[in-house]
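Have a look at the structure below, then the notes.
Bear in mind that the values in this text are calculations on the coordinates, not laboratory data. Not measured: the values here are computed from a predicted model. When we count neighbours, we look across all protein chains shown, and the Cβ atoms used for this are built from the backbone with ideal geometry, even at glycine.
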Amino acid sequence: MDISTVNALTYEEFLDIFGNVVEKCPIIPAAIWSYRPFKGLTDIEAQISDFIDSLPDSGKEGILRCHPDLSLPAVSLTRDSVDEQRAAGLVRMDSGERALLLRLCARYRQRFGFPFVICARANSTESIGRALQERVSGERAQERERGIEEVKKICSLRLRQILQPSAEPGASANKL
Ligand code: 2AL
């Protein structure tokens, strides 16, 4: 989809298509709708990022809580989440690896009051396991910020699946 098509969408169509770019947080695309017309993919990304940054800590933690724990049964996940966890190889883990991951995720959630969030597409099962081992003993404020940075990475990749980078103004000139 290109940016002029995005800018021509009705609010309802926009929410249908962009509603889950931040997991189960349709209020975010609903809020940035106010900033149309968008200049391109990076403009939408920046508006989402600024909106998230403007939230109080409780709002940021709320966004993290909308994310499922990694490696939960697929029935409880959104389509986006299933695809991302599959891309990271999480669906291929054996039952011992899965049990360890779930145990660490539960410990993390208990310690911080929000789930461990990481951009699965940018990681492998090994790097997710290492990050979880390290982050489970971190500090709450630092983990809130790290989690939010991961949410932004997930969002960026989801946006790129909807809006190709060629939707950027000037992108066609680069091809000449
Ligand atoms: C997720 C998710 O749903 N997609 C992804 O990349 N990471 N969840 C999580 N808890 O990290």
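Brief remarks on what is shown
- Anisotropy class of the chain from Cα gyration tensor, a/c 1.5 cut: prolate
- Using θ = phi - 60° in the Karplus curve 6.51 cos²θ - 1.76 cosθ + 1.60, the 3J(HN,Hα) couplings for the range 71-88 round to 6, 6, x, 4, 4, 9, 10, 6, 4, 4, 4, 4, 4, 5, 5, 5, 4, 7 Hz; x is entered for Gly and Pro.
- Dipole magnitude (debye, nearest 20) for the range 3-175, charges at Cβ of Lys, Arg, Asp, Glu: 380
- Segment Ala87-Ala141, length gained on full extension (0.36 nm per residue, minus Cα span): 16.5 nm
- Under Karplus coefficients 6.51, -1.76 and 1.60, residue-wise ³J(HN,Hα) of the range 104-116 in Hz, glycine/proline x: 5, 4, 5, 5, 4, 4, 5, 6, 9, x, 8, x, 5
- On full extension, the segment bounded by Arg160 and Gln133 gains 6.7 nm, given 0.36 nm per residue less the C-alpha separation.
- Relative contact order (percent, whole number), the chain, Cα cutoff 8 Å, 6+ residue spacing: 31
- Among 94-101, 20-27, the peptide with the highest mean count of other Cβ atoms within 10 Å heads the list, and the full ranking is 20-27, 94-101.
- Span from the the range 92-131 Cα centroid across to the the range 8-44 one, whole angstrom: 29
- Contour excess over end-to-end distance, with Cα ends at Gln110 and Thr10 and 0.36 nm allotted per residue: 31.9 nm
- A Förster radius of 25 Å, combined with the Cβ-Cβ distance separating Arg65 from Leu100, puts the computed FRET efficiency at roughly 0.65.
- 13 Å beta-carbon shell around Leu77, net charge (K/R +1, D/E -1): -2
- Helix axis angle, 41-53 relative to the chain longest principal axis, alpha carbon, degrees: 50
- Put a plus charge on the Cβ of each Lys and Arg, a minus charge on the Cβ of each Asp and Glu, and nothing anywhere else: the dipole of the range 7-85 about its Cα centre is then about 120 debye.
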